[in-house]
Amino acid sequence: MSTMKAWQLQGVGLEHLKLVDLPVPEPGPKQILVRVKAVSLNFRDGGIVDGSYLPELMVRPFIPVSDASGEVVSVGSKVTKFKKGDRVTSHMYYKWLDGSPNQNDIFTYSIGGPSDGGLAEYILLNEDATVMTPVTFTNEEASTLPIAALTGWFSLVEYGKIKAGDTVLVLGTGGVSVYAVQFASALGARVIVTSSSNEKLEKVKALGAKDVINYVETPDWEKEVLKITEGKGVQHILEVVGGQSINHSLEALAFQGHIYVIGYLDNMLSEVKLRSIIEKQAQIQGINVGHRRAFEDMIKAFDELNIKPVIDTVYSFNQAHEAFEHLYKGAFGKIVIKISE
Ligand SMILES: NC(=O)c1ccc[n+]([C@@H]2O[C@H](COP(=O)([O-])OP(=O)(O)OC[C@H]3O[C@@H](n4cnc5c(N)ncnc54)[C@H](OP(=O)(O)O)[C@@H]3O)[C@@H](O)[C@H]2O)c1
């Protein structure tokens, strides 16, 4: 095997995502070469392809997609943690292993842009920033963990120290949100979910959500949240929407509650009511996925919590464009691309 098939992003826009032949990379001393079995797509991948996510950092051409799962085929001369045949999963911020990140490193050393990602038959991973795939997970399931699951886990568990009986509000039913519903419910919290779709709200109930609100039918959903919580508000809110949603979230928040600022599905800019932050003594925490140590903690917890990833659709390697188009429309849970058997 000297060449591999890879989807390469050669310009801005999905039409510039091209299937090409590239040399199979050689592992450096602390790297492993992985035969990719599956990748999952995140909002970030869509933004990288359409040029809206950190365009100044993305030096094209490169192989996109941050989340990858596969099997080790060869290892560098100084690798001690992995051997040929191990099933492994990537960790996106590959220099952020624990504690505080180095701010200069975090975006630069990132799989799937600017470093090459998983949308190819092979990927090089650094051994320190790779985790063993959970034995009970298929490769498709494991490929959903590095961003969406870790972001939900890092918010609620690492920062939020969530405990049984806490109240949690989850906005929408995308990748991060569905994992947040699963974690919070499994850890004994009371979970409220908003969605534009009543059908999706029925599905989150099956995952453990206690109360649901259609944010299209009920645009002032914060009032409904206050009704549900008898005026107290919720203790944890996963803010994936951004824009004016942050003010609705502040209204729905309990005193000294946490808002995890995660995304900007609606808008990156917001005019925030500072008085609400002060009056509520809101704890506002920016989230940027998480570090490898938390990833490993999360993996250990999965079996105990009896959580299985929710996959909306699995596409084949040749259907990368269709998979991205689905991402742009919105999915329930995760979109996966199967790369090989
Ligand atoms: N900071 C971080 O570490 C981090 C990590 C991962 C993701 N993110 C960010 O978090 C956001 C979500 O990412 P994702 O990968 O979970 O996205 P995704 O899977 O593409 O989520 C799409 C879903 O979001 C919901 N949504 C869209 N607009 C909404 C609105 N105005 N109000 C409420 N819900 C809305 C919709 O749910 P319904 O169909 O149910 O309405 C839609 O299906 C993105 O902005 C992403 O960049 C940040």
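If you go through the range 107-125 one residue at a time, how many are of a type outside the set (S, T, N, Q), surrounded by 17 or more Cβ atoms within 10 Å (Cβ to Cβ), out of contact with any Asp or Glu (no Cβ under 9 Å at 6 or more places or on another chain) and not in a loop (DSSP other than H, G, I, E, B)? Even if it seems obvious, please write down each step before you answer.
Initially, the range 107-125 is screened for residues of a type outside the set (S, T, N, Q), giving 107, 109, 111-114, 116-125.
When the remaining residues are screened for being surrounded by 17 or more Cβ atoms within 10 Å (Cβ to Cβ), the result is 109, 111-114, 116-125.
Next, from what is left, pick out any that are out of contact with any Asp or Glu (no Cβ under 9 Å at 6 or more places or on another chain): 109, 114, 116, 120-122, 125.
With the extra rule that they be not in a loop (DSSP other than H, G, I, E, B), the set shrinks to 120, 122, 125.
Total satisfying the criteria: 3.
Note on the range 254-268: residues that are closer than 14 Å to T194 by Cβ and of a type in the set (A, V, I, L, M) amount to 1. Taking the criterion of being buried (at least 20 other Cβ atoms within 10 Å of the Cβ) and away from the ligand (no atom under 13 Å from the Cβ), the residues of the range 283-302 that qualify are R292, M298, I299, F302.
Please verify whether the range 46-56 includes one or more residues that are away from the ligand (no atom under 16 Å from the Cβ) and not in a strand (DSSP E or B). Outline the logic, then answer.
First, pick out the residues of the range 46-56 that are away from the ligand (no atom under 16 Å from the Cβ): 56.
Filter again for not in a strand (DSSP E or B), leaving 56.
Checking the range 46-56: at least one residue is away from the ligand (no atom under 16 Å from the Cβ) and not in a strand (DSSP E or B).
Mind listing just one residue for me: the one in the range 142-177 that is of a type in the set (S, T, N, Q) and touching a Lys or Arg at 6+ places or on another chain (Cβ under 7 Å) and, of those, nearest to the ligand (Cβ to nearest atom)?
So the first thing to find is which residues in the range 142-177 are of a type in the set (S, T, N, Q), and the list is 143-144, 151, 155, 167, 173, 177.
Within this subset, residues satisfying the condition of being touching a Lys or Arg at 6+ places or on another chain (Cβ under 7 Å) are 144, 167, 173.
Details: T144: 10, T167: 18, T173: 3 Å.
Top of the filtered list is T173.
Within the range 18-58, the set of residues being among the basic types (K, R) and surrounded by 14 or more Cβ atoms within 10 Å (Cβ to Cβ) comprises K30, R35, K37, R44. Within the range 178-199, the set of residues being surrounded by fewer than 20 Cβ atoms within 10 Å (Cβ to Cβ) and within 13 Å of the ligand (Cβ to nearest atom) comprises S196, S197, N198, E199.
Restricting attention to the range 141-166 and to residues that are closer than 15 Å to M92 by Cα and among the β-branched types (V, I, T), the residue that is nearest to the chain's Cα centre (by Cα) turns out to be I147.
Which of the following residues is outside any loop (DSSP other than H, G, I, E, B), among the polar types (S, T, N, Q) and under 28 Å from H326 (Cα atoms): T173, T136, T151?
Working: T173 fails: outside any loop (DSSP other than H, G, I, E, B); T136 fails: outside any loop (DSSP other than H, G, I, E, B).
Exactly one of T173, T136, T151 is outside any loop (DSSP other than H, G, I, E, B), among the polar types (S, T, N, Q) and under 28 Å from H326 (Cα atoms), namely T151.
May I ask you to verify whether S100 is closer than 18 Å to L17 by Cβ and assigned to a loop (DSSP other than H, G, I, E, B)? Taking the combined requirement at face value, the residue does not satisfy it.
A single member of E222, E239, E217 is surrounded by fewer than 15 Cβ atoms within 10 Å (Cβ to Cβ) and either within 13 Å of the ligand (Cβ to nearest atom) or within 23 Å of M298 (Cα to Cα) (or both), and it is E217. Quick one: K83 ticks every box in (1) touching a residue at least 12 places away in the same chain (Cβ under 8 Å); (2) surrounded by fewer than 21 Cβ atoms within 10 Å (Cβ to Cβ) bar one, so which box is it? Result: K83 fails condition (1) only. Go through the range 321-341 and give me each residue that's surrounded by fewer than 23 Cβ atoms within 10 Å (Cβ to Cβ) and either more than 15 Å from the ligand (Cβ to nearest atom) or not assigned by TED's automatic domain parsing to the domain that holds T138 (or both). Answer for the range 321-341, where residues must be surrounded by fewer than 23 Cβ atoms within 10 Å (Cβ to Cβ) and either more than 15 Å from the ligand (Cβ to nearest atom) or not assigned by TED's automatic domain parsing to the domain that holds T138 (or both): H321, E322, K338, S340, E341.
The values are calculated or read from the model by the stated rules, or taken from the named source; none is laboratory data. For clarity, every value in this text was computed on a predicted model and none was experimentally measured. Glycine also receives a Cβ, built like all others from the backbone with ideal geometry; neighbour counts cover every protein chain displayed.
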